[in-house]
Amino acid sequence: MNICVVGTGYVGLVGAAVFADWGHTVCGVDIDEGKITNIKKGVMPIYEDGLGDLVRQHMDLDGLSFTTDISEGMFGAEVVFICVGTPQSKTGAADLSAVWAVAEDIGRCLDPDMYTVVVVKSTVPVGSNEKVKELIGVSAPKSAKFSVVSNPEFLREGSAIWDMNNPDRTVLGIGSSDRLSEEVCRVLFSLYEHLSSPIVWYDLRTAEMIKYASNAFLAMKVTSINEIALMCERVGADVDRVAEGIGLDPRIGPDFLKAGIGYGGSCFPKDVQALMNTAKQTGSPLTIVSAVDAVNDHLPELFVEKVIREFGVNLSGIKIACLGLAFKANTDDVRDSRSIEVIRMLRGHGASIQAYDPRAYGNAVEELGYFGISYVDTMNEALIGADAVVILTEWPEFAELDLLHAKESMKGKVIFDGRNVLDQESVEDMGFTYYCVGKRTNAYEKEPDLVPGIFLPG
Ligand code: UGA
């Protein structure tokens, strides 16, 4: 099948490469000339394990091409995917200008002699797919035949290729007038019939809500354990074991219960905001989702308070090794990264930073600049002369921190583990003062027990 994918960001580029890998002929379109020039040279705009190889392989086999010209990309395409970004606007609502512009372009380029199925993968608020259909209709030639289908994506950065090949489910939103369309059924069948997981289809608005509700639920799950972690610190319970204990209940499940310094990235924060915005507009406020957003926002500050507790509010003269800049492991993405937030706060208190991340250095420099921050190439370099180590991203190599070596190269002996990657006992045995998330460690030794007394009746 001939496929056109408009937008070569995370979703679009991974989608284009995987569709080509499934045997389709794919053309990726983007208005960013620099990006397309680089992709054609085999240079990927994002770090995603395996993506560069897959793109280069299918470009060499002529199954995958790229262009900045949408009419060229859509030539002969039976299906066109809209995968452009929907960033957060100043009001918190999703900025849909790119989606609307692409819808109009698609309309203009529709071939009146073909049936075209337009599939919206961009994350768009309820009602947007109907508007996409309307806009395409306005700019399309009178005789053009097309349908609009919603197909939200659930890829995670860092495992996007695997996720696309092994989805939990494929969600489709199909308007009532398109449900019996032979062309829509044929296109969707030839795209997804080889997948072994369920394919479910609903109306357009339900499919749009599923995407937002999924991210809101996941954000809620992470935030719930993060809030429980705050209480664990107070009462002397261990949040990792609490997560294990509650996760054994299949109604709760073990995933997404890793406590830390909050969720970040290009999806959860913006999608939660966009959902709250739609909720407000529709007079149906989402109280729980708003609380999730507020709690998550506060977590970096609570983490920095641990550093202040140890060193005082004025951190000038304190050198801190910051491990991790990306919003999570296995990506170079720093959008809404909690690490960036924490480093900004530490800088605000005057600390000097030695930062290390295996992948995200380039993107982090754009956010943080160089003032008061030196970026180093290895974890060991970051430790040299540091008064403290702050772990901000759960990169596997940080769990391998050589404590003996750290002790020798650092000036101080304090570790703040914002992702609970280290083993508390080993760290404390090595003589470090250890702060982490959701556990009472040796840092609190001299504090009174906060568990309220239990009074027996009579
Ligand atoms: C998320 C969803 O997981 C995908 O299903 C969805 O397709 C994507 O958003 C999207 O809307 O495009 P992603 O942003 O790549 O994917 O990241 P996640 O792996 O979900 O992690 C989000 C944040 O939660 C990260 O900051 C991560 O560190 C944090 N997190 C996650 C925790 O703090 N603890 C956990 O147990 C899990």
**Complete:** For strands (runs of 3 or more DSSP E) lying entirely in segment 76-164, having 1 or more residues that are among the hydroxyl-bearing types (S, T, Y) picks out 115-120, 145-150
**Prompt:** Which one of V119, V126 is surrounded by fewer than 22 Cβ atoms within 10 Å (Cβ to Cβ), under 15 Å from P152 (Cα atoms) and not acidic (D, E)?
**Reply:** V126
**Asked** Do you know which residues across segment 185-215 are under 16 Å from I174 (Cα atoms), surrounded by 21 or more Cβ atoms within 10 Å (Cβ to Cβ) and within 12 Å of the ligand (Cβ to nearest atom)?
**Response** K211
**Hits in segment 389-416 - residues which are within 28 Å of the chain's Cα centre (by Cα) and either of a type in the set (A, V, I, L, M, F, W, C) or within 13 Å of the ligand (Cβ to nearest atom) (or both)** = V389, V390, I391, L392, T393, E394, W395, F398, A399, L401, I415, F416
**Asked** How many residues are more than 22 Å from L302 (Cα to Cα) and surrounded by fewer than 22 Cβ atoms within 10 Å (Cβ to Cβ) when one looks only at segment 374-397?
**Response** 11
**Item:** Residues that are at negative phi, touching a residue at least 40 places away in the same chain (Cβ under 8 Å) and within 16 Å of the ligand (Cβ to nearest atom), drawn from segment 417-439
**Value:** G418, R419, V437, K439
**Candidates I31, I82 - the one that is under 24 Å from V148 (Cα atoms), at pLDDT 95 or above and crowded, with 24+ Cβ neighbours inside 10 Å** = I82
**Message:** Looking at the structure I just gave you, is A274 within 23 Å of V84 (Cβ to Cβ), surrounded by fewer than 18 Cβ atoms within 10 Å (Cβ to Cβ) and within 16 Å of the ligand (Cβ to nearest atom)?
**Reply:** no
**Complete:** Result of the Cβ filter at 6 Å on segment 311-334, keeping first residues that are over 17 Å from D377 (Cβ atoms) and partners that are aromatic (F, W, Y), at least 6 apart or interchain, is I318/F311; A329/W395; D333/F327
**Which numbered condition I343 fails, given (1) within 16 Å of the ligand (Cβ to nearest atom); (2) assigned to a loop (DSSP other than H, G, I, E, B); (3) farther than 22 Å from R156 by Cα** = (2)
**Complete:** Subset of segment 245-269, residues within 6 Å of the ligand (Cβ to nearest atom) and part of a loop (DSSP other than H, G, I, E, B), comes to F256, L257, K258, G260, Y263, G264, G265, C267
**Request:** State whether the residues of segment 216-228 include one that is within 25 Å of the chain's Cα centre (by Cα), within 16 Å of the ligand (Cβ to nearest atom), in a loop (DSSP other than H, G, I, E, B) and at pLDDT 95 or above.
**Result:** no
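The values are calculated or read from the model by the stated rules, or taken from the named source; none is laboratory data. Being a predicted model, the structure only gives us computed values, none of them experimental. Positions of Cβ are generated from backbone atoms using ideal geometry, with glycine treated the same way; all protein chains shown enter the neighbour counts.
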